[in-house]
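The values are calculated or read from the model by the stated rules, or taken from the named source; none is laboratory data. Keep in mind it's a predicted model, so treat the numbers as computed, not measured. Counting neighbours? That spans all protein chains shown, and the Cβs are built from the backbone with ideal geometry, glycine included.
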Amino acid sequence: MNPINIEEILQKNDHDQFTFMDRIEDPYQLCEQMVAIANGNGGLVVIGLNASGESSQLNQNDIVSAMRMITQASFELVQPSIFPKTQIIDYKDAKSIVIEIPSGYQKPYCTVSGRFLTKKDSDIQEMGLDDLRALFQEKMVTQADQMIIEGLDQEQIDIDIFKPFFQKKYQVDLPDHIPLMTILESMKLASNGRINTTGMLLFGIYPTEEFALSQIIAMAFFGNDTSDLEYRDSETFEGTIPQLFENGFDFIVRNLTASQEENEGLKDIPDNIIQEILINSLVHRSYYMDYFTSGNTVISVFDDRVEIESPGALPENLSIKTIQSGAAFQRNPTIAKYIIDMLPFRGIGLGLSAIVADYPGIEMIDEPDSDQFKVIIKRP
């Protein structure tokens, strides 16, 4: 964050770009300011001064309390979360807090109570339908796998994974004379000096607070339903798509094996069927970081079946019948482009239509109301 010149800010008297607050009494009040600014062109919120430059004389307790509420508002109350920068400055022998809020990459933003807000001069206003429609259209121009992740740069890339991938794919060593960020941007793994969704999903370092979309919630149950409150097994996995695939696949196989040992007569589900369905759930799920689609990929293992549920229903121009008959659907084309060189199995090219033809015990359920897609794999 660049040094702030309060005198210049006061002279500009730009109410759209600069907001002055004597102090933060309520994190929800700050949340509204953050939402309105993020939905616009970005701006600064100055805590501890009014628009005339008069100080509120913040003490140390005021500053600690304000910083706590800034964190709460930006991470918990603004939907989706934003990542502002803060700076404590001295002006006329008193301290103030400056919050820099960028124009949001995941517009439109709303408060935790569902209010879509924008700024006009110094006033916060509810967004009209035309404003919302324009922001939705602007957002959908960008593929989900190209969405920039605020706060993450090349330091979040695991170079020990990226280097061998680069060498294998392009048959040359990663060049030392070209900046890493330049290479990442040329491969559509980053933009404007920041890592995008594909970069994190394929080569990211975990865990990270800034990116919480790369998880599998895995549960295994005794029997064929969830009535037994005791799990056979349960785990949460975090990491890149290849790491999620490996951990998710191992979880499914070991729990199918465990139930098979306890119940004579149960037959195996072929590995390639599990692999293809699981990788499709990870590659083609929705990765939009917002209130449209949220949640993780969920694996549920029962004695007689495996269920894999992922965020993102089918688009309106596709149905279960059309994808079973071979219709192509790539929600995340950049991820799909590179994942072929990373996954350790042969089933990547089969597609859902071939899998369904080979294995009739597959049921697909499209859930547009909850924006989820579920695949049920039954034991033979």
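Test ILE99 against the criterion of being of a type outside the set (Asp, Glu), at pLDDT 90 or above and either touching a Pro at 6+ places or on another chain (Cβ under 8 Å) or under 19 Å from GLY42 (Cβ atoms) (or both), and give yes or no.
Values: of a type outside the set (Asp, Glu): yes; at pLDDT 90 or above: yes; either touching a Pro at 6+ places or on another chain (Cβ under 8 Å) or under 19 Å from GLY42 (Cβ atoms) (or both): yes.
Here the answer is yes, as ILE99 does meet what is asked.
How many of the residues in the stretch 45-60 are crowded, with 20+ Cβ neighbours inside 10 Å and either out of contact with any helix residue (DSSP H, G or I) (no Cβ under 7 Å at 6 or more places or on another chain) or more than 19 Å from GLU150 (Cα to Cα) (or both)? Break it down stepwise before answering.
Keep residues of the stretch 45-60 that are crowded, with 20+ Cβ neighbours inside 10 Å, which gives 45-49, 58.
If we keep only those that are either out of contact with any helix residue (DSSP H, G or I) (no Cβ under 7 Å at 6 or more places or on another chain) or more than 19 Å from GLU150 (Cα to Cα) (or both) too, we end up with 46-49, 58.
Counting residues in the stretch 45-60 that are crowded, with 20+ Cβ neighbours inside 10 Å and either out of contact with any helix residue (DSSP H, G or I) (no Cβ under 7 Å at 6 or more places or on another chain) or more than 19 Å from GLU150 (Cα to Cα) (or both) gives 5.
Conditions (1) over 30 Å from ALA144 (Cβ atoms); (2) among the β-branched types (Val, Ile, Thr); (3) in contact with a Gly (Cβ under 8 Å, 6 or more places away or on another chain), marked per residue:
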position: ILE217; (1), (2), (3): no, yes, no
position: ILE274; (1), (2), (3): no, yes, no
position: ASN280; (1), (2), (3): no, no, no
position: THR297; (1), (2), (3): no, yes, yes
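Search the stretch 218-252 for residues being β-branched (Val, Ile, Thr) and surrounded by 16 or more Cβ atoms within 10 Å (Cβ to Cβ), and hand back the single one that is nearest to ASN280 (Cα to Cα).
Start the filter on the stretch 218-252 by keeping residues that are β-branched (Val, Ile, Thr), which leaves 226, 236, 240-241, 252.
Going one step further and asking which of them are surrounded by 16 or more Cβ atoms within 10 Å (Cβ to Cβ), we end up with 240-241, 252.
On the way: THR240: 14, ILE241: 11, ILE252: 15 Å.
Within the stretch 218-252, the match that is nearest to ASN280 (Cα to Cα) is ILE241.
Go through the stretch 306-322 and give me each residue that's among the hydrophobic types (A, V, I, L, M, F, W, C) and either buried (at least 21 other Cβ atoms within 10 Å of the Cβ) or in contact with a strand residue (DSSP E or B) (Cβ under 6 Å, 6 or more places away or on another chain) (or both). Step through it out loud before you land on a result.
First pass over the stretch 306-322, keeping only residues among the hydrophobic types (A, V, I, L, M, F, W, C): 306, 308, 313-314, 318, 320.
Within the stretch 306-322, VAL306, ILE308, ALA313, LEU314, ILE320 meet the criteria.
For the stretch 238-271, give me each residue that is in contact with a Leu (Cβ under 7 Å, 6 or more places away or on another chain) and either of a type in the set (Val, Ile, Thr) or at pLDDT 95 or above (or both).
THR240, ILE241, PRO242, LEU244, PHE245, GLY248, PHE249, ILE269
Does ILE63 meet the test of being at pLDDT 85 or above, crowded, with 18+ Cβ neighbours inside 10 Å and at negative phi?
Working: at pLDDT 85 or above: yes; crowded, with 18+ Cβ neighbours inside 10 Å: no; at negative phi: yes.
Criteria not met by ILE63.
Taking the stretch 79-102, which residues are in contact (Cβ under 8 Å) with a residue 60 or more places away in the chain, over 30 Å from GLY295 (Cα atoms) and surrounded by 16 or more Cβ atoms within 10 Å (Cβ to Cβ)?
Residues satisfying the conditions are ILE89, TYR91, SER96, VAL98.
Conditions first: (1) over 22 Å from the mean Cα position of the chain (by Cα); (2) surrounded by 15 or more Cβ atoms within 10 Å (Cβ to Cβ). GLY265 passes all but one, so which condition is the exception?
Here GLY265 clears every test but (2).
Modelled with pLDDT of 90 or more and closer than 23 Å to ASP271 by Cβ: does that describe PHE165? Give the derivation first.
Working: modelled with pLDDT of 90 or more: yes; closer than 23 Å to ASP271 by Cβ: no.
The answer is no for PHE165.
Could you list all residues from the stretch 103-124 that are in contact (Cβ under 8 Å) with a residue 60 or more places away in the chain, more than 19 Å from ILE82 (Cβ to Cβ) and in a strand (DSSP E or B)?
Passing the criteria: only LYS120.
Give the residues of the stretch 260-277 that are part of a helix (DSSP H, G or I) and over 20 Å from VAL375 (Cα atoms), sorted by residue number. Even if it seems obvious, please write down each step before you answer.
From the stretch 260-277, those part of a helix (DSSP H, G or I) are 260-262, 271-277; that's our starting set.
Listed by number, the residues that qualify are GLN260, GLU261, GLU262.
Please state which one of SER74, SER52, SER96 is within 23 Å of the chain's Cα centre (by Cα) and closer than 23 Å to ILE124 by Cβ. Spell out the reasoning first.
On the way: SER52 fails: within 23 Å of the chain's Cα centre (by Cα); SER96 fails: within 23 Å of the chain's Cα centre (by Cα).
Just a single option satisfies the conditions, and that option is SER74.
Any residue in the stretch 113-126 that is of a type in the set (A, V, I, L, M), at pLDDT 85 or above and more than 30 Å from PHE251 (Cβ to Cβ)? Spell out the reasoning first.
From the stretch 113-126, those of a type in the set (A, V, I, L, M) are 117, 124; that's our starting set.
Of the ones still in play, those that are also at pLDDT 85 or above are 117, 124.
Now drop any that are not more than 30 Å from PHE251 (Cβ to Cβ), which leaves 117, 124.
The answer is yes; a qualifying residue exists.
Please give the helices (runs of 4 or more DSSP H) falling wholly within the stretch 148-209 in which 3 or more residues are within 14 Å of MET342 (Cα to Cα) and touching a helix residue (DSSP H, G or I) at 6+ places or on another chain (Cβ under 7 Å). Show your work before the answer.
Details: elements: 159-170, 180-186, 197-203.
Output list reads 197-203.
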